[in-house]
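Beneath this line is the structure, given in structure tokens, with notes to follow.
The values are calculated or read from the model by the stated rules, or taken from the named source; none is laboratory data. What you see is a predicted model, and the numbers here were worked out from it, not measured in a lab. Note that we place each Cβ from the backbone using ideal geometry, even for glycine, and neighbour counts take in every protein chain shown. Each accessible area value is taken on the protein alone, full model and side chains, heavy atoms only, with ligands, DNA and RNA left out. Shrake-Rupley method; radii C 1.70, N 1.55, O 1.52, S 1.80 Å.
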Amino acid sequence: MNPEPPEERDGTPVGRRVFLGTLGLGALGVLAAPTLQRALEGVAGKDPTGLTGLLPNGGGFRYYSVAASVPDKNATDYRLTVGGLVDRPRAYTLAELRALPQTRLVKDVQCVTGWRVPGTPFEGVRLADLLDAAGVRRGAKAIRFTCFDGTYSESLTLDQARRPDVLVALRMQNKDIGHDHGGPVRLYVAPMYFYKSAKWLSGIAVTDRVEPGYWENLGYDVDAWVGRSNGRTDEPTS
Amino acid sequence: MSLRADTPAPPAARIRRFSRAERWVHRTTAALMGVCVATAAVLYIPQLAVLVGRRALVVRVHECAGLALPVPVLLGLASRAFRADLRFLNRFGPHDKVWLRAALRRDRRRQVRPAGKFNAGQKIYAAWIAGATLVMLGTGLLMWFTHLAPLVWRTSATFVHDWLALTIAVVLAGHIGMALGDPEAREGLRTGTVSQEWAKRQHPLWRTRQRP
């Protein structure tokens, strides 16, 4: 008894070939990805329309927030506190931060998830200046950063924080930092993966040991040098 | 008793197309795929990411749904009807070539679209989406458990995962679009039965023996 036409049951196993072929292409894709990605970034870098920014890995920033919602802060209600193991703790308004000497850096931004945005200008106050103004006490080892999203946190060692390419950034891409990019004030740690550059920065506390930040508690490296951490080999950014 | 008693459908007019087990496999797979697509959209599309936030939670939901995605099909293998349909999906006969050639010409005439229980397009879709799902699972695991493999693989896995996600979104939209265009095909998956006329029209070579 054979209720099906023979070809329905006994034909060529094309389905299996398509299935295995798809798996094979996937594996091949993983092997060829570095080459393909470089080619793609080359195209995206020259794209005047910005359409490639909509494609995966096409370039441009991506919005990451770990909190449910983030309040808006502006020139009237924004405050940055500097405290912890310092002699002169204080809070800065946006205007006070703008009045301090500004440093401009233009470097690539590298996210730990793979995307990279070339030549991005950041402007702001050197973190080292704020630490010097506050007077770091003996025994201090590290900095803990907190954010007004209520959730995110970051850390740097004191040596890392004093680097000249670490800014409390007020401007990015030649304009005041907007809310989605972490404005009005965010951290900018040029030589490290971008998760170190905490958005919506509201607190700088000098501590006697490194307290790992939000993503670091979820497995990312604390010392997040671009190209030398998180198992990645990207070109260093600073 | 029933309101439909006035217009009774002759019992022979309905044909069993999918068993209960098969319908549940499809339903749960579709639901899990839906969760994967929705969470992926929140992770990829900046406007949605701004709206939802909660990145760690969305990632966790995405991971769990992705991990569970192949489970309904694997459980379905216990069903004889499901295994039989997998065999039909796998095997291509001469009529499938005719169907594919007509599809490439966009020729919609019924006589050039011969099909058994599944048409050639459905067969290729099933095989491709199964393979693509496993590629997504593999690259997803590489991105998730970064210490499983040489570490440069993570970037490559992300690249493949991103681009294949975009491809799956397009193909899935086609799959859903075609289902929206054929209410009776949807009824087949909802109730398990289809009308004799529909079966004859859409799947003329499908030899049915089971009746509900």
- Item | Residues (farther than 19 Å from A:Pro164 by Cβ and either acidic (Asp, Glu) or open to solvent by less than 50 Å² (accessible area, probe 1.4 Å) (or both)) located in the stretch A:117-138 | A:Val117, A:Gly135
- Give the residue, chosen from B:Ala157, B:Ala103, that is of a type in the set (A, V, I, L, M) and within 14 Å of chain A (Cβ to nearest Cβ). B:Ala157
- Message: Can you tell me which condition B:Arg27 does not meet? The list is (1) assigned to a helix (DSSP H, G or I); (2) within 21 Å of B:Lys200 (Cβ to Cβ); (3) among the charged types (D, E, K, R); (4) more than 12 Å from every other protein chain (Cβ to nearest Cβ), and all the others hold.
- Response: (2)
- Would you check if B:Ala179 is part of a helix (DSSP H, G or I), modelled with pLDDT of 90 or more and touching a Lys or Arg at 6+ places or on another chain (Cβ under 6 Å)? yes
- Query: Is it fair to say B:Leu142 is of a type in the set (A, V, I, L, M), in contact with a Lys or Arg (Cβ under 9 Å, 6 or more places away or on another chain), assigned to a loop (DSSP other than H, G, I, E, B) and facing chain A (nearest Cβ under 9 Å)?
  - Reply: no
- Task: Working carefully through the options A:Val106, A:Val86, find the one that is open to solvent by less than 20 Å² (accessible area, probe 1.4 Å) and either within 25 Å of B:Gly53 (Cα to Cα) or in contact (Cβ under 8 Å) with a residue 12 or more places away in the chain (or both).
- Result: A:Val86
